[in-house]
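A quick write-up on the structure given underneath.
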Amino acid sequence: MSLIPSFFGGRRTNVFDPFSLDVWDPFEGFMTPSGLANAPGKDVAAFTNAKVDWRETPEAHVFKADLPGLKKEEVKVEVEDGNILQISGERSSENEEKSDQWHRVERSSGKFMRRFRLPENARMEEVKASMENGVLSVTVPKVPEKKPELKSIDISG
């Protein structure tokens, strides 16, 4: 299974995964105090870790992404270079009123992007996506496996 963090952050899920596009960043999270990371008015990419499950069935590759609070108009599903599935979007931060006093900001906002390199058996021209209750479902059908053709040979004699 290949879960690939975005360009904007995230944790590496599998170092030995041949489908991985991510690069380890030794400075990830450095100089980002937790109290300042989500302060109002900051364009923080804390939402970059959109959690995605990738499941392979005999018929398709199925992706499910948890995107609570987003509408389908705020999410893009794209195919890049023929075999890379890209899921991206943005959650806007709430309007800040001058008279408001913030006590805690835990909900993240900002842009996110997740990319997945699919194997050659994926039919990228037939990708389907739907969104329901904050869960994005993307289905990428697979090329049917060719079964070896058996030909019976009559034995003479």
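The values are calculated or read from the model by the stated rules, or taken from the named source; none is laboratory data. Computed from a predicted model, the values in this text were never measured in an experiment. Because the Cβ atoms are built from the backbone with ideal geometry, glycine has one as well, and the counts that use them run over all protein chains shown. The area values use the complete protein model at the heavy-atom level, side chains included, leaving out ligands, DNA and RNA. Shrake-Rupley method; radii C 1.70, N 1.55, O 1.52, S 1.80 Å.
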Legend entry - For a label point 7 Å along the Cα-to-beta-carbon line of Lys72, residues of the stretch 134-157 with backbone N under 20 Å: 134-141
Inset, instruction - Can you work out the accessible area per residue across the stretch 82-157, with the rest of the protein chains kept in place, probe 1.4 Å, in square angstrom? - result: 80
Inset, instruction - Measure up Lys64/Lys151; Lys71/Lys98; Lys72/Lys146 against 32 Å on the Cα-Cα distance and list the ones that go over. - result: Lys64/Lys151; Lys72/Lys146
Legend entry - Fraction of accessible area attributable to carbon and sulfur, the stretch 71-139 (%, probe 1.4 Å): 39
